[in-house]
Amino acid sequence: MTVEEIQDGFLFKKGDVSPRLVYLISGEVTLQAAGLVVEVIAAGSDSAKFALAHQIPRKIDAVANGRVRFLRLNADIVNNPLSLAYKEDNSYMVIDETEGDPDDWMTALLRSPIFQRLPPANLQKILMSLEVVHFKTGETILEQGGIGDYYYLIKNGQCLLTRKPSPNAKEIKLAQLANGDTFGEDSLLSGAPRNVTITALTDIVLLRLDKKQFISLIKEPSLKFVDYAGMQEAIKQGAVLLDVRSQDDYENQHLDGSISAPFFSLRMQLKAISHERPVVVVCQDGKVSEAAAFLLLRHKIDAMILSGGMESLAAYTPSPEIKPNITSESENEMLLSGEGRVESDDRKQYANILEDQVSALKLENEALKSVNQQLNDKCIKLEFDKQHAEKQCRILHKQMEKLTQVLDKLKGG
């Protein structure tokens, strides 16, 4: 780009058809038509942030008041900029796909499956209540273990979701969010501490809604609850039963036919969940299910919640549909007896043998859990890397198309 200077002359005249847009850097310019002053624009003003009288052919004259410095930029490049790469570290790269439309966030908000379920009055109250907050590159927006207080929508910028399975574990990259994406609802819905850390990858502008308004304006009209009978009816109609508790809780006791999908890894399993069948979400008390159902709804998966979770099923037990992985006293009695009752000493011997076997199995189970956790962490990382690679591929494809168009124009010229 070349900075030009002019003293009391025309930057352009009415009827000019040059495709180059003019941006004021310093000084003052008068826009006039037929000798009448339309507007006087000074450098640094809001009007100077945009190209001067950008319509082509020009409808008015632009005259410098004294000494003026300005830029001329090709309109095609300004309106269709090539995406810029920003390196955060050596492990991944962020590509800026922002189109520059200040209303993109609102379009994304209104297109969201969650917000399409809300009454118009709620949408109006949400738009009026949103608060703007800013974060610099590298700043922590939310920290794992923190208290949930706000629901966030990205107006402009990008951020990264990470999670530590344990305090001393290595941080796992879960997802990358950009314009129009939302976050922060998990803790507001479940009442649990924040389960991820979110860091700004670029300077970012966020819109946030406080917890009380989120609950009344978004949660209550969005989520659907069913009782035990409603769950059974939904399953008869083809619904999938999704258990979002930890793997240990699931193995200890679960509903027959349910699928284990621990909530912390649910985001990575969304592609494997059918959009054609409704989902009934189950957890221990119903709280985590709310956050899980909200996530599924955001991704256009019809979800409902078993009200009260597994704890609500106490009124229905014993139920053949609940499978506890325990051995009853009568079954233990049978294991310790042959065709008839055994002597007391033999019973103690059998009991000691079983106790040793149980201890060995517990140790083996702990080792397997550790290996399983490591494999699960690797799987989550690989899925993140895959999604990031696919995104880069799409962006590079778009860049190639734009470069091909530019090349074709040059050849045609």
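The values are calculated or read from the model by the stated rules, or taken from the named source; none is laboratory data. From a predicted model like this one, the values you see are computed outputs, not experimental measurements. Please note: Cβ atoms are built from the backbone with ideal geometry, for glycine as well, and neighbour counts cover all protein chains shown. Only protein heavy atoms, including side chains, enter the accessible area calculation; ligands, DNA and RNA are left aside. Shrake-Rupley method; radii C 1.70, N 1.55, O 1.52, S 1.80 Å.
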With criteria (1) at pLDDT 85 or above; (2) surrounded by 12 or more Cβ atoms within 10 Å (Cβ to Cβ), residue 138 comes up short on (2)
So residue 170 passes all but one of these: (1) of a type outside the set (Asp, Glu); (2) modelled with pLDDT under 85; (3) under 19 Å from the mean Cα position of the chain (by Cα). Which condition number does it fail?
(3)
Subset of the stretch 382-409 that is under 18 Å from the mean Cα position of the chain (by Cα) and open to solvent by 90 Å² or more (accessible area, probe 1.4 Å) - its residue that is modelled with the highest pLDDT:
386
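Evaluate the following for residue 37: is it at pLDDT 80 or above and farther than 30 Å from residue 138 by Cα?
Working: at pLDDT 80 or above: no; farther than 30 Å from residue 138 by Cα: yes.
Here the answer is no, as residue 37 does not meet what is asked.
Can you give me the ranges of the strands (runs of 3 or more DSSP E) entirely in the stretch 54-94 with at least 1 residues that are at pLDDT below 55? Don't jump to the end; show me each part of the working.
Details: elements: 61-64, 67-74, 84-89.
Output list reads 84-89.
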The stretch 143-156 residues that are farther than 9 Å from residue 210 by Cα and of a type in the set (A, V, I, L, M), paired with ones that are in a loop (DSSP other than H, G, I, E, B) and open to solvent by 10 Å² or more (accessible area, probe 1.4 Å) (beta carbon under 6 Å, 6 or more apart):
154/179; 154/181
Going residue by residue through the stretch 169-176, is there one that turns out to be touching a Leu at 6+ places or on another chain (Cβ under 6 Å), open to solvent by 10 Å² or more (accessible area, probe 1.4 Å) and assigned to a helix (DSSP H, G or I)?
no
I need the full set of residues from the stretch 184-199 which are part of a strand (DSSP E or B) and open to solvent by 10 Å² or more (accessible area, probe 1.4 Å), in order please.
197, 199
